[in-house]
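Each remark here refers to the structure printed beneath this line.
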Amino acid sequence: AQKITQTQPGMFVQEKEAVTLDCTYDTSDQSYGLFWYKQPSSGEMIFLIYQGSYDEQNATEGRYSLNFQKARKSANLVISASQLGDSAMYFCAMRDVISSGSARQLTFGSGTQLTVLP
Amino acid sequence: NAGVTQTPKFQVLKTGQSMTLQCAQDMNHEYMSWYRQDPGMGLRLIHYSVGAGITDQGEVPNGYNVSRSTTEDFPLRLLSAAPSQTSVYFCASSYLRALETQYFGPGTRLLVL
């Protein structure tokens, strides 16, 4: 069974500094995808970044990058130059592929509450 | 594009009442799913569907029913609401091909008294 672990219930970072949110995963599948979502206090789920298990380079999307270490089964989110608007809950999630090539459901971690300090 | 829409945004029920949470998407996605989110926890899968007429159970299906008569709609039915079903419910959709991200609706906040 798939499992996502986020060990940091809460994190604080000073505005304009970088922060790393940890995520480890457990799967026996070879083909899978890793996702990060942001949930601000308003409640919506916002997709941030995606990393495929066969991607050789770490994914980047603007100020977001994913530090993917396949052998260690970790997929940490790095936010550079933090902004006050980055304060939110962040969820790591994984999705794998069944034999027909169709994707399975997302499995989520318990989340990390990030607070950016002015 | 409207994306994924959910109604209602907020609902209060009494124990034993039934209701249907509506979810619709206009992106022609084959895959649709329902999650619940409880405090301090990530999202947990209730039911999902890989196409019209096909549904399956997720991690926490008890107390919920779904159907998928069209590609666009995926309603979630609570047959007899219980306080343990107080939660925020999210509907999500995606293409079925491998590893697409899921797009989430805005959520429905449900309180069962």
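Considering the stretch A:1-113, the qualifying strands (runs of 3 or more DSSP E), each wholly inside and each with 3 or more residues that are within 11 Å of chain B (Cβ to nearest Cβ) and of a type in the set (Phe, Trp, Tyr), run over A:32-39. Of all residues in the stretch B:82-113, exactly one satisfies the criterion of being free of Cβ contacts under 8 Å to residues at least 40 places away in the same chain, in a loop (DSSP other than H, G, I, E, B) and over 24 Å from B:Asp26 (Cβ atoms), namely B:Thr86. If you check B:Thr101, B:Thr108 for being open to solvent by less than 50 Å² (accessible area, probe 1.4 Å), at pLDDT below 95 and within 14 Å of chain A (Cβ to nearest Cβ), only one passes: B:Thr101. Among the residues that make up the stretch B:12-19, is at least one of them more than 25 Å from A:Ser42 (Cα to Cα), touching a strand residue (DSSP E or B) at 6+ places or on another chain (Cβ under 8 Å) and buried (at least 17 other Cβ atoms within 10 Å of the Cβ)? No. I need a count of the residues in the stretch A:1-55 that are open to solvent by less than 20 Å² (accessible area, probe 1.4 Å), hydroxyl-bearing (Ser, Thr, Tyr) and under 12 Å from the mean Cα position of the chain (by Cα). Of the residues in the stretch A:1-55, 2 are open to solvent by less than 20 Å² (accessible area, probe 1.4 Å), hydroxyl-bearing (Ser, Thr, Tyr) and under 12 Å from the mean Cα position of the chain (by Cα).
So that you can scan it fast, the table gives a plain yes or no per residue for (1) within 11 Å of chain A (Cβ to nearest Cβ); (2) buried (at least 19 other Cβ atoms within 10 Å of the Cβ):
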site	(1), (2)
B:Gln25	no, yes
B:Met32	yes, yes
B:Tyr35	yes, yes
B:Met41	yes, no
B:Leu45	yes, yes
B:Ala52	no, no
B:Gly63	no, no
B:Thr70	no, no
B:Ala82	no, no
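Meeting the requirement of 1 or more residues that are touching a Cys at 6+ places or on another chain (Cβ under 6 Å) and in contact (Cβ under 8 Å) with a residue 24 or more places away in the chain, the strands (runs of 3 or more DSSP E) wholly within the stretch B:1-81 are B:4-7, B:19-25, B:31-37. Can you pull out the residues in the stretch A:42-58 that are out of contact with any Ser or Thr (no Cβ under 6 Å at 6 or more places or on another chain) and among the hydrophobic types (A, V, I, L, M, F, W, C)? Residues satisfying the conditions are A:Met45, A:Ile46, A:Leu48, A:Ile49. Put simply, of A:Thr60, A:Thr115 the only residue that is farther than 30 Å from B:Gln57 by Cα, open to solvent by 50 Å² or more (accessible area, probe 1.4 Å), of a type in the set (Val, Ile, Thr) and at pLDDT 90 or above is A:Thr60.
The values are calculated or read from the model by the stated rules, or taken from the named source; none is laboratory data. Note that this is a predicted model, so its numbers are computed, not measured. Neighbour counts run over all protein chains shown; Cβ positions are idealised from the backbone, glycine included. Side chains are part of the model used for accessible areas, which takes the heavy atoms of the whole protein and leaves out ligands, DNA and RNA. Shrake-Rupley method; radii C 1.70, N 1.55, O 1.52, S 1.80 Å.
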